[in-house]
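Quick notes on the structure that follows.
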Amino acid sequence: MSVLDVLKERGFVQQLTHEEEIADLLNKEKITFYIGFDPTADSLHVGHFLGMMVMAHMQQAGHRPICLIGGGTAMVGDPSGKADMRKMLTLEDIQHNGERFKKQMQRFIDFSDGKALMLNNADWLLGLNYVQFLRDVGVHFSVNRMLTAECFKQRLEKGLSFLEFNYMLMQGYDFLELNRQCNCVMQMGGDDQWSNILAGADLIRRKEGKLAYGLTFTLLTTSDGRKMGKTEKGALWLDPEKTSPYDFYQYWRNVDDNDVEKCLALLTFLPMEEVKKLGALKDQEINIAKKTLAFEVTKLIHGQEEAEKAKQAAEALFSGAGNLDNAPTVSITADVLGTKLLDILTNHGIFASKSEGRRLVQQGGLYLGDTKVADPDLPLTAELFENNTLIIRKGKKNYHRIIIE
C-alpha cells in the first residue's frame, strides 16, 4: 500500500492539487516536502499533532520532511481561521519557541543524517528588500483572487490589516525558496491552509516553470465540528509542564464515543484492522477502545513510562486499583486544616474561583471520596483523611488527591 493510500485510509487527506500525479510521484520517487509551524507559543499543542503524524507516515515511507519554523511569518501572523489579529512576538520569543518545537518533534521525526530538516523562514524573509520582493513576487499575485480565499473572507468583515494580507505572499515565497534550496516539491498543511498552499504551488510554476504539489489534511475536530484539544484549563499542550501526562491521558480517555475510531486512526500507528475492531465496540465495551487510545497517544507524546504511570493513576482513581502516586496531587500542611475546603481548592487551582466551587457544590458535583459535599463552607478537617490522603472528585471524571505532608 502506498503512503498516499495509508493517509487516505486513516482519514487524513482532504484536498490535493493533482491527485493522480501525486500518487504516481510518491510511488516512484522519494520526495522532499514541508509543513510549516508558526512558533506562537513555547510548546506544540494537539492541533499540531496531526501534522507531525503525517510527517511520520511520510518519513516511514522514505520521503524527507522539512519542518519549517515560521520565524519570519510569525512576525506577521496567519489570518487563517482567526477572528482577530495575532499577538506580535519578539525575535527572542520566536527563537526560543522554535527550539522547544524541535525537542517535541524528535519523538516522531528522525532528524539524523539529513533524514529530516528543521529550517526557519526568518533566514530568508527578514533580509528581503521590500521593493524587490514586490517586483519579484508580488507581481504574480492577483488581489481579486486573493480576496476570494477563505482565509481572508471571514476577516474582511471584521477588518483585515495590510500586514496580514502579506501572509499569503510570504508563505508562497517560502515554498519557492524551499523548492530552490532543497528541491522541495510538495507542501502539506491543515485544510485551512489550502489557499496559501495553492499560492505557493502557483508561484513555483510561474517563477521556475515547474510543477509543485499541495495536500491538505483534515483538522482535528469532534464529530459535531468543534476543534478538538480544548480543556477547561485551555489548550491541550504536548509539553508535560503545561499539560501533565495524566491530564493528557484523561483527555483521550474521555473523548466522545463517536470520535474514538477517528482518533485511533489519525493519532496512533495501530493497524487499521485493529482500529476498526476497537471502533466497532459499543456501550460499556467502548471504554476498552478509549483506554487503548489514551495509552497509545500518551505513549507517543510522553513515552512508555509516563503512559504507564498515567494509566495506573487513572485506574487507581476510577476503580480503586493501581498506583495513586502519579495521580494529580495537592500537598497541604497540617496547619491549614480547619480552613474552608473551597478556599484550599481555589488556592491550589482546582477551582478557577470560589464562585465556581460554590456553583459546583450547589449543583451536587463535588465529592470527597464517594460522599457528596452539600455545604460550600465545609471546613477541611483531619477526620476526612484516610492515611493522610483524601480523594476529591469534581464533576463526573475530574479527580485530585489531597495529601497532608
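No value in this document is a laboratory result; all are computed from the given coordinates. Remember, it's a predicted structure, so these values are computed and weren't measured experimentally. So basically every Cβ, Gly included, is an ideal-geometry build from the backbone, and we count neighbours across all protein chains shown.
What to note about this one:
- In the structure shown, the pairs LYS28/LYS262; LYS158/LYS276; LYS299/LYS372 are assessed against 32 Å; a Cα-Cα span above that value is assigned to LYS158/LYS276; LYS299/LYS372.
- Only helical runs count toward this figure. For the chain, summing -39,500 (n - 2.57) over DSSP H runs of n ≥ 4 and dividing by all residues gives -13000 deg cm²/dmol at 222 nm.
- Computed FRET value (nearest 0.05) for LEU219 with LEU91, which takes r as the C-beta separation and R₀ as 41 Å: 0.90
- Under 14 Å from LYS282, Cα to Cα: aspartates and glutamates that are on another chain or at least 8 residues apart: ASP256, ASP257, ASP259, GLU261
- With 10 Å bins from 0: P(r) over segment 329-404, alpha-carbon pairs, percent: 20, 62, 18, 0
- Extended-chain gain in nm, criterion 0.36 nm per residue less alpha-carbon gap, LYS8 and GLN363: 123.3 nm
- Long-range HN-HN contacts of VAL330 with modeled amide H, under 5 Å: ARG401, ILE402, ILE403
- Cα centroid separation - segment 161-212 against segment 110-135, whole Å: 12 Å
- Most fluctuating residue given options HIS348, HIS302, HIS45, as computed from a GNM of the chain linking Cα atoms under 10 Å: HIS348
- Whole-angstrom gap from segment 48-68 to segment 9-34, using each part's C-alpha centre: 12 Å
- Rg and Dmax [Cα atoms of the chain; Å; Rg one decimal, Dmax integer]: 24.4, 79
- Using a Förster distance of 22 Å, the FRET efficiency for ASP192-LYS277 (Cβ separation, nearest 0.05): 0.10
- Extreme residue, positive dipole direction of the chain, given options THR381, GLY214, PHE101 (C-beta unit charges): GLY214
- At 1.306 mPa s and 10 °C, Stokes D of segment 230-326 from Kirkwood alpha-carbon radius, µm² per second: 117 µm²/s
- Computed log₁₀ I(q)/I(0) - Debye formula, equal Cα scatterers, no solvent, segment 178-277, q 0.20 Å⁻¹: -1.01
- Rounded tilt (10° steps) of 167-182 against the dominant C-alpha axis of the chain: 70 degrees
- Counted charge near LYS115, where neighbours are those whose Cβ lies closer than 11 Å (Asp, Glu -1; Lys, Arg +1): 0
- Degrees separating the helix 19-28 axis from the principal Cα axis of the chain, which is the longest one: 90 degrees
- DSSP beta bridges in the chain [antiparallel fraction, %, rounded to 5]: 50 percent
- Cα gyration tensor shape for segment 3-217, rounded if a/c is under 1.5, else prolate or oblate: rounded
- ³J(HN,Hα), Karplus 6.51/-1.76/1.60, whole Hz, each residue of segment 240-251, x for Gly, Pro: x, 6, 9, 10, 5, x, 5, 5, 5, 4, 5, 4
- Within the listed set LEU342, LEU278, LEU220, the residue fluctuating most in the Gaussian network model of the chain (springs between alpha-carbon atoms under 10 angstrom) is LEU342.
- Karplus-derived 3J(HN,Hα), 6.51/-1.76/1.60, for each residue of segment 125-139, Hz, glycine and proline x: 7, 6, x, 5, 8, 4, 5, 5, 4, 4, 5, 7, 10, x, 5
- Most fluctuating residue given options VAL255, VAL131, VAL373, as computed from a GNM of the chain linking Cα atoms under 10 Å: VAL131
- Across the options LEU117, LEU25, GLY11, the greatest Cα extent toward the positive end of the charge dipole of segment 3-217 (unit charges at beta carbon of Lys, Arg, Asp, Glu) belongs to LEU117.
- Among the trypsin sites (Lys or Arg not before Pro) in segment 336-405, those placed in a DSSP loop whose Cβ has at most 13 other Cβ atoms within 10 Å are LYS396, LYS397.
- With a threshold of 23 Å on the Cα-Cα distance, the over-threshold entries among LYS291/LYS354; LYS8/LYS227; LYS8/LYS277; LYS242/LYS340 are LYS291/LYS354; LYS242/LYS340.
- Convex hull projection area averaged over all views, segment 123-247, Cα basis, nm²: 10.9 nm²
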